[in-house]
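The values are calculated or read from the model by the stated rules, or taken from the named source; none is laboratory data. All values derive from a computational prediction rather than experimental measurement. Cβ placement follows ideal geometry from the backbone for every residue including glycine, while neighbour counts extend to all protein chains displayed. These accessible areas exclude ligands, DNA and RNA; they are computed on the full protein's heavy atoms, side chains included. Shrake-Rupley method; radii C 1.70, N 1.55, O 1.52, S 1.80 Å.
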Amino acid sequence: MSPPATPADDQGLALHHVGVRFGGLVALDDVSLRVPPGRVVGVIGPNGAGKTTLFNVVCGFVRPTEGSLTLDGRPFRPRPHDLTRLGIARTLQGVGLFAGLTVLENVVAGASHTARAGFAAALFGLPRSDRDESRLRARALNLLAELGIDKHADAAPGTLPYAVRKRVALARALIARPRLLLLDEP
Ligand SMILES: Nc1ncnc2c1ncn2[C@@H]1O[C@H](COP(=O)(O)OP(=O)(O)OP(=O)(O)O)[C@@H](O)[C@H]1O
Ligand SMILES: [Mg+2]
């Protein structure tokens, strides 16, 4: 393996003096933090402290008014549609599952960018191959089993208790095999 291009302490995600203002409201003020590989970092604070806003900055849903982000030491301007490719997955505060899909389909949906459809297929929006599809479904079922909720695979999310739905959301984030997992109010 070749040595990393950047010093080890640059690895992972970092926020540098990030500020977010919504009009006159200061949601984040001078937030700096580092999430090195292999580390669990908790963000705590009362209601309205800005935790979800912080997650939204990392996901590209909210642009910081000040400050910057780096990923492995390189400038990082997150955009929501790039996250899976960059190995970043999140769960939302609340649950945010697709109501019209089964539990299993919701989990498979989390791997939308990982199927090896090939560049041309992806470019022209061709459907995944049957083999990709069944491999993904098997992996989704394994994850549901790991989380103890595989018996709900064919259920509609709306029929399930909140705690089970939170686990479904977790499985949907894990199926993409993220290197950075963001959990808002897990
Ligand atoms: N899109 C937005 N537009 C305007 N104000 C917002 C927006 N998003 C968040 N805020 C405000 O920013 C502040 C921080 O909110 P945020 O949701 O990040 O807090 P939180 O720490 O996640 O709170 P909670 O524990 O209730 O989830 C709050 O005052 C909130 O009303
Ligand atoms: Mg929140």
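For this structure, a couple of remarks:
- Converting phi to 3J(HN,Hα) with the Karplus coefficients 6.51, -1.76 and 1.60 and the offset θ = phi - 60°, segment 175-186 yields 5, 7, 6, x, 8, 10, 10, 9, 10, 8, 6, x Hz in sequence order, with x at every glycine or proline.
- In the chain, the longest principal axis of the Cα atoms and the axis of helix 130-146 are about 70 degrees apart.
- Of 104, 143, 33, the one that fluctuates the most in a GNM where the chain has Cα springs shorter than 10 Å: 33
- Calculated mean residue ellipticity, 222 nm, the chain: -8500 deg cm²/dmol, from DSSP H runs (n ≥ 4) at -39500 (n - 2.57) each, averaged per residue and rounded to 500.
- Summary value for segment 8-78: 41 percent relative contact order, contacts being C-alpha pairs under 8 angstrom separated by 6+ residues.
- Among 175, 149, 88: highest mean-square fluctuation, GNM of the chain, C-alpha pairs under 10 Å: 149
- Share of carbon and sulfur in the accessible heavy-atom surface of the chain [1.4 Å probe, %]: 56
- Helix 162-174 vs. the chain, principal-axis angle (Cα, 0 to 90°, nearest 10): 80
- Unit charges on C-beta of K, R, D, E only; dipole of the chain, Debye: 280
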